[in-house]
Structures are given as C-alpha cells and as structure tokens.
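Provided herewith is a single structure, encoded as structure tokens, for subsequent inquiry.
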Amino acid sequence: MIPHYFALDDSEKHDFIKSQGAGTLVTSRKDGTIDATLLPIIISDDQLLLHMARFNEHWRNIDSPQPAAMIFTGAHDFISSRAYDVPDGSAVASTWDYTQVTIHGTVTVHDDPDWVRQAVVELTKTWDPEHAAMMTDDYLGRATKAIVGLSMTIDRIDGKAKLSQNKLPSERARISEGLRERDTERSRALADDVDAAPSKARRVPFIGGLKARG
C-alpha cells in the first residue's frame with residue numbers, strides 16, 4: 001500500500017505518463033527470462049501505441065498477446081538523513097526520492113504495414129507535427145519496413161511520487177538545497193520536483209522506528 005502522501009491520483013498518473021513520452025516495456029519470455037526496451041508512446045482510445053525497431057529481438061519474444069508492464073520513471077536521487085530534524089537519541093535512515101508510474105496490461109504485436117504506418121504518423125504528429133505534415137508516402141513506406149508496431153491495453157496504473165512530502169518545510173528546504181548543490185542534471189530535476197510537490201508534513205518531525213545506539 002502506498003502512503004497517502006506519496007500516492008498519485010488518476011489524472012496525475014496520466015499527466016506524468018504523457019509528460020515522459022517514453023517508458024520501458026517489460027515482458028517475459030517462455031523460459032522465464034525478461035526483455036526490457038525503452039519505447040516512445042502515445043495514448044489513443046485508452047491504449048498505448050508503440051513501435052520498435054525490427055532488428056530488436058524483443059518483439060519476436062513476445063507471445064502476442066501477453067501480459068506486460070510499461071514503466072515510466074522521473075528524476076530520482078539519494079536523500080541524506082542529514083537534512084532531517086532528528087532529536088538526540090534517535091536516528092532516521094537516508095532514502096531515495098523518485099517518481100514512478102507503471103502501466104499493467106496486455107501487449108500485442110502488429111506487423112501489418114498499414115497499422116504500423118498509422119502508428120508512426122500518430123506518434124510523429126504528437127511530437128513533431130511540422131515533420132508529420134512533410135512525410136511522403138515513399139518515406140513512410142521505407143520507414144515502416146524497419147519497424148514493427150505494438151499496442152498495449154491499460155488495465156491498471158500504479159503510481160508513486162516519493163518527493164519528501166511528509167517532511168517539515170525546514171527539512172524540505174535542506175533537501176532541495178542539497179540536491180542543487182550536488183549540481184547534476186538529475187539532482188536539479190529532482191529538486192524541482194521536490195519543490196513543486198505539495199507538502200503533507202506532520203506538525204512534528206517523523207523519526208520513524210529507529211533508535212540510535214550509544
């Protein structure tokens with residue numbers, strides 16, 4: 001069960017998926033091993049439309065249709081417990097902040113040129129409408145030969161934004177400052193997410209169940 005201060009509602013999950021634009025498709029083979037490929041997506045008629053390079057063996061290992069997961073991950077990084085207000089004699093573990101949304105559903109492979117062509121057009125319209133308007137039949141014919149299409153139902157969406165929402169304002173300020181001082185693309189992006197997340201802090205510091213030992 002996801003703590004209420006980290007839980008995302010349905011609209012937040014959908015907005016996050018759309019903002020990411022790509023996720024990792026995870027499927028299992030008949031022998032129990034796993035394939036995972038990062039793929040761009042669009043949401044159409046309550047399903048995901050995707051495509052994959054034909055040379056990628058992943059699609060050949062899909063026993064279409066079969067259960068699958070699509071994982072979308074935002075900025076993430078280490079959060080030091082030194083940022084917390086911890087009373088003497090107590091201790092709180094460091095942690096990792098992140099946002100992740102996972103779609104569970106059934107994936108189907110589409111190796112039909114017309115289906116793939118339409119998926120390419122829709123995806124390009126979403127991200128580069130100017131280019132979509134210039135794509136010729138010849139270009140689309142050649143492009144679709146190099147890829148296969150996939151669709152995935154959206155049966156369940158799990159989402160969690162663990163962005164220190166349960167920490168006090170003073171702690172959150174130190175967390176954000178520490179991330180910005182780390183000065184990596186990932187830490188700066190996470191600091192922005194922490195700053196934007198709604199605060200749901202307790203009135204007193206949460207020290208958990210850990211007790212420091214002398």
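The values are calculated or read from the model by the stated rules, or taken from the named source; none is laboratory data. Computed from a prediction, not measured in an experiment: that's the story for all the values here. Backbone-built Cβ (ideal geometry, glycine too); neighbour counts: all protein chains shown.
Sort through D15, D31 and tell me the only one that's in a loop (DSSP other than H, G, I, E, B), of a type outside the set (A, V, I, L, M, F, W, C) and without any contact (Cβ under 8 Å) to a residue 12 or more places away in the chain.
Every option except D31 fails the conditions.
Confirm whether A68 is within 20 Å of S164 (Cβ to Cβ), modelled with pLDDT of 90 or more and buried (at least 16 other Cβ atoms within 10 Å of the Cβ).
Against the criterion (within 20 Å of S164 (Cβ to Cβ), modelled with pLDDT of 90 or more and buried (at least 16 other Cβ atoms within 10 Å of the Cβ)), A68 does not qualify.
OK, next. In the range 68-119, which residue that is closer than 17 Å to L8 by Cβ and of a type in the set (G, A, S) is nearest to the chain's Cα centre (by Cα)?
Among residues in the range 68-119 that are closer than 17 Å to L8 by Cβ and of a type in the set (G, A, S), the one nearest to the chain's Cα centre (by Cα) is G74.
Still on this structure, please answer the following. Quick check: anything in the range 165-183 under 22 Å from L8 (Cβ atoms), exposed (fewer than 12 other Cβ atoms within 10 Å of the Cβ), modelled with pLDDT of 90 or more and not β-branched (V, I, T)?
Taking every residue of the range 165-183 in turn, none turns out to be under 22 Å from L8 (Cβ atoms), exposed (fewer than 12 other Cβ atoms within 10 Å of the Cβ), modelled with pLDDT of 90 or more and not β-branched (V, I, T).
How many residues, within the range 40-92, are under 23 Å from H104 (Cβ atoms) and β-branched (V, I, T)?
6
Would you please list the contacts, defined by Cβ atoms under 7 Å and residues six or more apart or on different chains, that run from a residue in the range 181-203 that is under 17 Å from H76 (Cβ atoms) to a residue that is basic (K, R) and modelled with pLDDT under 95?
Close Cβ pairs satisfying both conditions: V194/R172.
Tell me whether the range 79-88 contains one or more residues that are within 30 Å of Q165 (Cα to Cα), touching a residue at least 12 places away in the same chain (Cβ under 8 Å), of a type in the set (S, T, Y) and in contact with a Pro (Cβ under 7 Å, 6 or more places away or on another chain).
Yes: one or more hits.
Report, by residue number, each residue of the range 103-130 that is touching a Leu at 6+ places or on another chain (Cβ under 8 Å) and either farther than 19 Å from L25 by Cβ or in a strand (DSSP E or B) (or both).
I103, G105, V107, T108, V109, H110, R117, V121
Please count how many residues of the range 131-158 are among the acidic types (D, E), touching a Ser or Thr at 6+ places or on another chain (Cβ under 9 Å) and either free of Cβ contacts under 8 Å to residues at least 12 places away in the same chain or farther than 20 Å from L38 by Cβ (or both).
1
Another one. Could you please give the count of residues in the range 1-12 that are touching a residue at least 40 places away in the same chain (Cβ under 8 Å), assigned to a loop (DSSP other than H, G, I, E, B) and of a type in the set (D, E, K, R)?
Residues in the range 1-12 being touching a residue at least 40 places away in the same chain (Cβ under 8 Å), assigned to a loop (DSSP other than H, G, I, E, B) and of a type in the set (D, E, K, R): 0 in total.
I've got another one for you. Do we find a residue being farther than 27 Å from A197 by Cβ, of a type in the set (K, R) and in contact with a Gly (Cβ under 9 Å, 6 or more places away or on another chain) anywhere in the range 49-59?
Checked against the condition, which is being farther than 27 Å from A197 by Cβ, of a type in the set (K, R) and in contact with a Gly (Cβ under 9 Å, 6 or more places away or on another chain), the range 49-59 yields no hits at all.
Could you please give the count of residues in the range 122-140 that are surrounded by 10 or more Cβ atoms within 10 Å (Cβ to Cβ) and among the polar types (S, T, N, Q)?
Total meeting the criteria: 2.
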